[in-house]
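A.B. asks: I have a structure here, written as C-alpha cells, and I will follow up with some questions on it.
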Amino acid sequence: MLLYIHVPFCRRKCRYCAFYSNPLVRSGDEVGVYLSALHAELGQWGGRLGRVPVESVFFGGGTPSLLEPDQVAGVLDCVGRTFEVLPGAEISMEANPDSLHTAEKASGFLAAGVNRISLGVQSLDDGMLETLGRLHRADAAREAFRAIREAGCANLSLDLMWGLPGQTLGQWLDDVRAAIALGPEHVSAYGLTLEPGTPLAESCGDADLPSEDVQCAMYLEGIRLFEEAGLHHYEVSNFAGDGFRCRHNLGYWEGRDYLGVGPAATSTIGGERWTNPEGEGWLEQVREGRRCPEREPLDRMTRALELMMLRLRTVDGLPLDAYESLAGRPFMEDHGPFALRLCAEGLARMGNGVFRLTDEGMLVSNSILSELFEEEPNSVG
C-alpha cells in the first residue's frame with residue numbers, strides 16, 4: 001500500500017494553485033490540532049486495515065516543510081506503529097525554499113526518516129517567480145538546494161513549471177539548464193494549467209500563454225535537454241536519473257492501492273475511492289471515528305479505463321494483458337481503431353504486447369485520453 005499524508009498549511013497560497021491549503025497562523029494551535037487528528041486518523045485506519053505493508057510514504061501539501069522535524073518524526077513513528085513500513089521504503093516530503101533553506105533543518109527531516117525531498121522551485125527566473133506568486137527568488141532556491149544537499153540528502157527532486165504567461169522558449173530552456181546545473185536526481189516539469197477561480201486564471205487567459213507551437217517546442221526541447229543530462233523521461237512530466245524514479249508516484253500510475261490521510265486526501269483501496277472532507281469536516285469525521293460516507297465503487301471496466309489512463313502517462317505504457325485481465329476482453333477489441341490511428345499519426349506505438357504514447361503523444365495526452373474515454377461507451381457497450 002502507498003500512504004499519502006496531506007499537510008494543509010502554506011505561508012501564502014500561490015497564484016496558480018487550486019489544491020486545498022490554509023495560511024499558517026503561528027500564533028494559533030492549528031498545527032497541534034491537525035497533528036492530533038492526523039495521529040488519530042492513522043490509528044483508526046490501522047484498526048480497519050490491520051498492519052498492512054507500506055512501501056512508500058509521501059508528505060504533500062500545502063507545504064510539509066512548514067512542520068518541524070520532530071513533528072514529522074512523530075508522524076512517521078505513528079505510521080511505523082500502525083502499519084508495517086517495509087525496509088527501504090521511500091519516504092518523500094515536499095518542501096519550499098522559503099521554509100527549508102538550512103542544512104540544520106534538512107538534517108532534522110532526514111534524521112526523522114525522510115529519504116527523498118521534492119523542492120518546489122517552479123522557476124529559476126525571478127520574473128516568472130513573481131508571476132506565479134512564489135515567496136522565494138531564484139538565488140534562494142539555489143541556496144535551499146545546496147543546504148539540503150549539504151545535509152546529506154541523496155535523492156533530491158526539483159519541481160519546475162513551463163508554459164507560463166509571457167514565458168519564451170529561451171527562458172524555459174534557461175530554466176532547464178539552470179536546474180540541470182544543480183545536479184538533482186529527479187525533476188518534475190509541469191505545463192501550467194490555468195485553474196478556474198485562482199488569481200492567475202482571473203488575471204490572464206489562454207491568450208497570455210505561449211502559443212501552441214512554442215509550448216510544443218518547450219516540451220520536446222526540455223525532454224531533449226533532460227535526456228542529454230541523464231535525467232530520463234519516464235512519465236509525461238517526470239524525469240529521473242537511473243534508479244531515482246519516484247516510487248510513490250509510480251505506484252499511482254501502476255494502479256496500486258493507496259491510503260490518503262489528512263484533510264482533502266483521496267484514497268483508493270479495495271475497489272473503492274473516497275476523498276476526505278476539508279477543514280472542520282475532516283476534524284469532525286476523525287473525532288467521531290467515521291469513514292468518509294461518500295465512497296465510489298470502482299467496477300472492473302472503470303478500473304481498466306483508469307489503468308489505461310494512468311499507464312499511458314508513462315514511457316513504459318499499457319501492457320495489453322493488464323487491460324484484458326481487468327476489462328475481461330482484449331484492448332484492441334475495445335480501442336483498436338483509435339489506437340491504430342494514433343500509431344499512424346506518430347502519437348503512439350505498439351509492440352511486444354504494450355501500447356505506449358510517443359513524446360509527441362504525451363504532449364497531447366490529455367486530449368488523447370479524453371477521446372479514449374469518450375469513445376468507450378460505443379466500443380464497450
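A.B. asks: Sorted by mean Cβ packing within 10 Å, highest first, what order do the peptides 40-49, 67-76 take?
C.D. replies: Numbers: 40-49: 16.3, 67-76: 18.4.
Highest-to-lowest ranking by the protection proxy: 67-76, 40-49.
A.B. asks: Something else: For HIS232, enumerate residues with amide H under 5 Å from its amide H, sequence gap 5+ or separate chain, H modeled in the peptide plane.
C.D. replies: Under 5 Å from the amide H of HIS232: ALA240, GLY241.
A.B. asks: Enumerate the helices in the chain for which the Kyte-Doolittle hydropathy averages -0.5 or more and the C-alpha atoms extend at least 15 Å along the helix's axis, using complete DSSP H runs.
C.D. replies: 30-49, 69-82, 169-182, 212-228, 300-311, 331-344, 365-380
A.B. asks: Could you give the distance between the Cα centres of the range 174-214 and the range 278-301, to the whole Å?
C.D. replies: 33
A.B. asks: I would also like to ask the following. Check which residues have an amide H placed less than 5 Å from GLY260's amide H, if you skip close sequence neighbours.
C.D. replies: TYR4, SER267, THR268
A.B. asks: Something else now. Can you tell me which of 196-206, 178-188 comes out highest on packing, and rank the rest after it, using the mean Cβ neighbours within 10 Å? Spell out each step's value before the answer.
C.D. replies: On the way: 196-206: 12.7, 178-188: 19.2.
The peptides rank, most packed first, as 178-188, 196-206.
A.B. asks: Starting from the 7 Å offset along Cα-to-Cβ, what nm value, one decimal, do you get for the label separation of VAL214 and VAL52?
C.D. replies: In this crude spin-label approximation the distance works out to 4.6 nm.
A.B. asks: So how strong a dipole does the range 2-252 carry about its Cα centre when Lys and Arg Cβ are +1 and Asp and Glu Cβ are -1, to the nearest 20 debye?
C.D. replies: That gives a dipole near 680 debye.
A.B. asks: Using a Gaussian network model of the chain with C-alpha springs under 10 Å, which one of LEU86, LEU231, LEU38 is most mobile by mean-square fluctuation?
C.D. replies: LEU86
A.B. asks: Now, a different point. Put a dot 7 Å past each Cα toward the Cβ at SER370 and GLU143; how far apart are the dots in nm?
C.D. replies: Distance between label points: 4.3 nm.
A.B. asks: Amide H neighbours of GLN122 under 5 Å, counting only residues 5+ apart in sequence or on other chains, H built in-plane at 1.01 Å?
C.D. replies: Here the answer is ASP159, LEU160, MET161, since their amide H atoms fall under 5 Å of that of GLN122.
A.B. asks: Using θ = phi - 60° and the Karplus curve 6.51 cos²θ - 1.76 cosθ + 1.60, what whole-Hz ³J(HN,Hα) does each residue of the range 237-244 get, with Gly and Pro shown as x?
C.D. replies: Result, rounded to whole Hz: 10, 10, 9, 8, x, 4, x, 10.
A.B. asks: At a threshold of 8 angstrom on Cα-Cα distance, excluding pairs fewer than six apart, so keeping six or more, what relative contact order does the chain reach in percent? Mind dumping the intermediate values first?
C.D. replies: Details: 655 pairs, mean separation 55.5, N = 381.
In percent, rounded to a whole number, it is 15.
Here, each number is a calculation from the coordinates, and none is a lab measurement. These numbers were taken from a predicted model, which means no experiment stands behind them. No Cβ is skipped: glycine too gets one built from the backbone with ideal geometry, and neighbour counts run over all protein chains shown.
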